[in-house]
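The values are calculated or read from the model by the stated rules, or taken from the named source; none is laboratory data. Remember, predicted model here, so these are calculated numbers, not experimental data. Backbone-built Cβ (ideal geometry, glycine too); neighbour counts: all protein chains shown.
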Amino acid sequence: MEVITISPRGYCYGVVDAMTLVRRIAADPDTPRPIHVLGMLVHNRQVTEAFADIGVICLDKPGATRVELLDQVESGTVVFTAHGIAPEVRLKALARGLHVEDATCPDVAHTHGLIEKHVQNGGSVIYVGISGHPEPEGACGVAPGAVHLVSCLEEVASLPEFKCPVLVTNQTTMSQWDIKPIINAIKERFPSAWVQTEICLATQVRQEAVAEQAGKADLLVVVGDERSNNSRRLAEVGVEIVGVPVMQVASVADIDPSRLPVDGRVAVTSGASTPTAVTREVITYLKRYDGQQKPPEFSTAVGNRVLPSLPRKRRTGGSTS
Ligand code: SF4
């Protein structure tokens, strides 16, 4: 079976920076304990478990807001994830005397800045994103009441009439093909709206790589947790734009061999929150597959193998001569 490794794929700068920050503070004895992350630092189980092993607790409860998760933190350090955070949550954490570390991705912070400035100037915002995902929760929380979340085409009709300037923007991990019809419908209803699309570069190049490179494959394997929005969007690009069957797996253990085209081609990509070691295991299995081997029951990409390494400490001290 031929394996096409789609490039670029996998970890993005925002995720690597967030994980490096958390690894660094976990290694620092001066960081107030316990260390809690509000939500999953990245939507990946192996990474969450690897952080638990070094004393970092990722608080996660499906459907819970960041404020609700914060209510579980009584002392120590609280970390905000790369998805960004509503100002209300930051203020509550500080008021409670917690030590705060912020891993918000600069691309998400850029969207927050746009929203804040537009609302301060008297405008309203239409934000295209996934309801219930932490990134829209943070973005809508930048200006509660002035930001209107739209998750699908049908919701455009139920937007109110606006008497002020309207900014249209979006969640960074959406796909350009997803948001285009929604933004077109918004423009039709509000012709004077100012559209500022905010799909981040990491998301965009990974999606375009799938669109360009998966066409020759009989199957596209997307390595990414089912809760990872950008992984789901990669799968969607495969099905809807390329027209190729897709298998999304969290790790090698999830591969269904009955769907593998033994004499064909498989393309592989991975989400921005998928550890490189997890994707490498999948690629190795696929390259060796001859129609017989079952996938391993467990992924061995765990612990330090899924965490970024810490920069080495510089040597200090003077000359020894
Ligand atoms: S997917 Fe984009 S916005 Fe999200 S963390 Fe990565 S670079 Fe930042």
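Quick notes on this structure:
- Verdict on Gly63 being at positive phi and in the same structural domain as Gly138 (by TED's automatic domain parsing): no
- Hey, Ser124 more than 16 Å from the ligand (Cβ to nearest atom), among the hydroxyl-bearing types (Ser, Thr, Tyr) and crowded, with 21+ Cβ neighbours inside 10 Å or not: yes
- Boolean, Glu49 is free of Cβ contacts under 8 Å to residues at least 24 places away in the same chain, more than 16 Å from the ligand (Cβ to nearest atom) and surrounded by fewer than 19 Cβ atoms within 10 Å (Cβ to Cβ): no
- Taking the criterion of being buried (at least 17 other Cβ atoms within 10 Å of the Cβ) and within 14 Å of the ligand (Cβ to nearest atom), the residues of the stretch 80-109 that qualify are Phe80, Thr81, Ala82, His83, Gly84, Ile85, Ala103, Thr104, Cys105, Asp107, Val108.
- Scanning the stretch 110-121 for residues that are in contact with a helix residue (DSSP H, G or I) (Cβ under 8 Å, 6 or more places away or on another chain) and either touching a residue at least 40 places away in the same chain (Cβ under 8 Å) or assigned by TED's automatic domain parsing to the domain that holds Gly39 (or both), we see that the one that is farthest from the ligand (Cβ to nearest atom) is Ile115.
- Among all positions in the stretch 115-126, there is no residue which is touching an Asp or Glu at 6+ places or on another chain (Cβ under 9 Å) and either more than 15 Å from Thr197 (Cβ to Cβ) or outside any loop (DSSP other than H, G, I, E, B) (or both).
- Filter pass, Ala272 being under 26 Å from Pro295 (Cβ atoms) and within 22 Å of the chain's Cα centre (by Cα): yes
- When residues in the stretch 145-161 are screened for being assigned to a loop (DSSP other than H, G, I, E, B) and either under 23 Å from the mean Cα position of the chain (by Cα) or over 12 Å from Glu116 (Cα atoms) (or both), 8 of them pass.
- For Met174: the one exception among (1) closer than 14 Å to Ile199 by Cβ; (2) outside any loop (DSSP other than H, G, I, E, B): (2)
- Residues being surrounded by fewer than 19 Cβ atoms within 10 Å (Cβ to Cβ), in contact (Cβ under 8 Å) with a residue 24 or more places away in the chain and not hydrophobic (A, V, I, L, M, F, W, C) - total across the stretch 149-176: 2
- Pair list, Cβ under 8 Å, 6 or more apart: the stretch 259-278 residue in contact (Cβ under 8 Å) with a residue 12 or more places away in the chain, other residue within 16 Å of the ligand (Cβ to nearest atom) and among the acidic types (Asp, Glu): Gly271/Asp225; Ser273/Asp225; Thr274/Asp225
- All strands (runs of 3 or more DSSP E) inside the stretch 187-301 with 1 or more residues being within 16 Å of the ligand (Cβ to nearest atom) and not assigned by TED's automatic domain parsing to the domain that holds Lys163: 219-223, 265-270
- When we screen Val3, Val15, Val67 for residues that are surrounded by 14 or more Cβ atoms within 10 Å (Cβ to Cβ) and over 21 Å from the mean Cα position of the chain (by Cα), the only hit is Val3.
- All positions within the stretch 48-87 that are touching a Pro at 6+ places or on another chain (Cβ under 6 Å) and outside any loop (DSSP other than H, G, I, E, B): Thr77
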